[in-house]
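Report on one structure; see the data block that follows.
Taken together, the values in this text are just the output of simple stated rules run on the coordinates, not laboratory data. Note that the structure is predicted; figures quoted are calculated from it, not measured. So basically every Cβ, Gly included, is an ideal-geometry build from the backbone, and we count neighbours across all protein chains shown.
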Amino acid sequence: MAKTIAFTGLDEQKIRLRTTIDANIKKVIDHGQFIMGPEVGQFESALSAFCGARHSIGVANGTDALQIALMVLGIGPGDAVFVPSFTYTATAEVILVLGAKPVFVDVDEKTFNLNPADLPRAMAEAKAAGLKARAIIGVDLFGLPADWDAINAFAKDHDLVAISDAAQSFGAITATGRSVGTHAPITTTSFFPAKPLGCYGDGGAIFTDDDDLAAVMKSIRVHGQGKAKYETVRIGLNSRLDTIQAAILLAKIEIFREETDRRNALADYYTAGLRDILAVPEKPAGVVSAWAQYTVRVRDRDLLKTELGKRGVPTAVYYPLPMHLQPAYQEFGRGKGSLPVSEKLSDEVISLPMNPYWTEADADYVIESVQSASAVTA
Ligand SMILES: *Cc1c(COP(=O)(O)O)cnc(C)c1O
């Protein structure tokens with residue numbers, strides 16, 4: 001009785017929003033302002049209203065958002081940036097693109113996020129290598145905010161800038177009521193289609209409360225433009241948010257809070273049904289996660305994947321190799337065994353479908369499938 005299940009709710013969402021999205025795209029084609037059209041500014045205002053950041057800056061993708069955050073700080077050769085090893089490759093990539101050096105930090109086994117207790121060791125590593133430590137990029141992996149109180153405190157004590165890579169966590173809220181976008185001096189996110197708030201192509205945004213940083217980052221977004229259109233005052237990028245993507249996102253942000261609430265309800269339901277069978281993701285009380293992924297840990301991941309596949313339940317592995325062991329980055333790390341939690345998680349994690357449009361019966365099918373697979377994998 002195997003059936004086919006989608007890994008996300010993007011099909012249901014498309015059916016729900018199709019009329020609005022088609023109309024929004026048609027408006028852009030009619031007015032013809034494809035580059036920095038009015039929808040970009042409208043969406044930036046909607047982002048700020050949603051998360052409370054003073055400035056929201058639409059950019060071409062989440063990777064550029066991170067690169068612009070490092071560029072505005074003038075980070076380059078001779079500088080070190082602290083970054084968790086258990087993350088998506090883009091977080092480490094931008095540091096190297098700018099000629100700076102990543103110093104990989106281990107993560108917490110329960111939250112999957114940067115472990116602040118490992119920062120002093122990373123600081124010593126940077127110093128020993130003769131590098132100037134400049135910034136910490138914390139990642140809210142799978143949608144759960146990192147320990148921003150601890151990261152910000154460490155940054156303050158050591159004259160570093162904290163940058164929040166919130167590519168997976170836009171929509172999340174801490175227990176004290178602070179929305180993603182306001183947890184660090186600079187926050188970046190991605191609207192890649194599979195992210196919690198995704199468009200129909202590439203897109204990203206940067207958030208800050210600092211007027212000066214915002215002005216410079218807006219200039220970097222358009223080739224380092226000065227006051228006049230063809231005046232170039234700094235090295236920049238071509239990294240504008242596409243007008244059609246902004247038009248699509250304007251429709252999606254309207255229902256995003258409701259979708260996030262439904263993701264949280266599904267995650268709670270999964271956790272209640274699965275906590276006795278395997279290691280479920282831990283979300284501190286009072287936190288709203290964006291639940292980009294619902295990620296569990298098992299010893300025999302391949303077997304669970306195969307058994308669930310037989311019942312039509314898709315799974316995914318984010319991420320099978322930590323950054324310090326990646327072929328392209330390993331020369332900047334300290335090799336196998338150096339960041340044990342990141343390495344262990346890379347071997348054990350597996351993500352289940354996360355669909356805000358599901359009924360409890362849909363979730364029950366996944367829970368029952370994991371239960372019956374566990375009879376085999378135990
Ligand atoms: C997706 C992602 C990015 C990059 O975003 P793009 O829009 O694909 O460039 C960066 N960091 C993390 C943690 C991500 O998940």
Check on LYS252, touching a residue at least 60 places away in the same chain (Cβ under 8 Å), touching a helix residue (DSSP H, G or I) at 6+ places or on another chain (Cβ under 7 Å) and within 16 Å of the ligand (Cβ to nearest atom) = yes
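Would you point out the residue of the stretch 127-140, among those that are free of Cβ contacts under 8 Å to residues at least 60 places away in the same chain and buried (at least 20 other Cβ atoms within 10 Å of the Cβ), that is farthest from GLU348 (Cα to Cα)?
Keep residues of the stretch 127-140 that are free of Cβ contacts under 8 Å to residues at least 60 places away in the same chain, which gives 127-133, 136, 138-139.
Now drop any that are not buried (at least 20 other Cβ atoms within 10 Å of the Cβ), which leaves 133, 136, 138-139.
Working: ALA133: 32, ILE136: 26, GLY138: 22, VAL139: 19 Å.
It comes out as ALA133.
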Say whether the condition of being in a helix (DSSP H, G or I) and either farther than 14 Å from MET71 by Cα or within 16 Å of the ligand (Cβ to nearest atom) (or both) is met by at least one residue in the stretch 221-239.
-> yes
Would it be correct to say that VAL313 is farther than 23 Å from THR4 by Cβ, surrounded by 18 or more Cβ atoms within 10 Å (Cβ to Cβ) and not aromatic (Phe, Trp, Tyr)?
-> no
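Filtering the stretch 53-101 down to residues that are polar (S, T, N, Q) and over 18 Å from HIS183 (Cβ atoms), which residue is farthest from the ligand (Cβ to nearest atom)? Working first, answer last.
Restricting attention to the stretch 53-101, the residues satisfying the condition of being polar (S, T, N, Q) are 56, 61, 63, 67, 85, 87, 89, 91.
Remaining after also requiring over 18 Å from HIS183 (Cβ atoms): 61, 63, 67, 85, 89.
Values: ASN61: 4, THR63: 3, GLN67: 9, SER85: 12, THR89: 8 Å.
So, considering only residues that are polar (S, T, N, Q) and over 18 Å from HIS183 (Cβ atoms), the one farthest from the ligand (Cβ to nearest atom) is SER85.
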Can you spot a residue in the stretch 220-243 that is surrounded by 15 or more Cβ atoms within 10 Å (Cβ to Cβ), under 21 Å from the mean Cα position of the chain (by Cα) and of a type in the set (Lys, Arg)?
-> yes
Single match in ALA124, ALA153, ALA128 (criterion: farther than 14 Å from SER85 by Cβ, in contact with a helix residue (DSSP H, G or I) (Cβ under 9 Å, 6 or more places away or on another chain), more than 15 Å from the ligand (Cβ to nearest atom) and among the small types (Gly, Ala, Ser)) = ALA153
Any chance LYS195 is farther than 25 Å from VAL107 by Cβ, part of a loop (DSSP other than H, G, I, E, B) and of a type outside the set (Asp, Glu) = no
Tell me, please, whether a residue that is within 16 Å of the ligand (Cβ to nearest atom) and out of contact with any Lys or Arg (no Cβ under 6 Å at 6 or more places or on another chain) can be found in the stretch 208-216.
-> no
Report whether or not ILE35 is within 16 Å of the ligand (Cβ to nearest atom), touching a helix residue (DSSP H, G or I) at 6+ places or on another chain (Cβ under 8 Å), within 19 Å of SER239 (Cβ to Cβ) and of a type in the set (A, V, I, L, M, F, W, C).
-> no
Has the stretch 314-337 got any residue that is over 27 Å from ASP106 (Cα atoms) and aliphatic (A, V, I, L, M)?
-> no
Matching residues, the stretch 27-47, being surrounded by fewer than 16 Cβ atoms within 10 Å (Cβ to Cβ), not in a loop (DSSP other than H, G, I, E, B) and not charged (D, E, K, R) | ILE29, HIS31, ILE35, PRO38, GLY41, GLN42, SER45
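Which of the residues spanning the stretch 178-224 are of a type in the set (Asp, Glu) and out of contact with any Phe, Trp or Tyr (no Cβ under 8 Å at 6 or more places or on another chain)? Don't jump to the end; show me each part of the working.
Step one: of the stretch 178-224, the residues of a type in the set (Asp, Glu) are 202, 209-212.
ASP209, ASP210, ASP211, ASP212 - these are the residues of the stretch 178-224 that are of a type in the set (Asp, Glu) and out of contact with any Phe, Trp or Tyr (no Cβ under 8 Å at 6 or more places or on another chain).
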Can ALA146 be described as touching a Leu at 6+ places or on another chain (Cβ under 6 Å) and either part of a helix (DSSP H, G or I) or in contact (Cβ under 8 Å) with a residue 24 or more places away in the chain (or both)?
-> yes
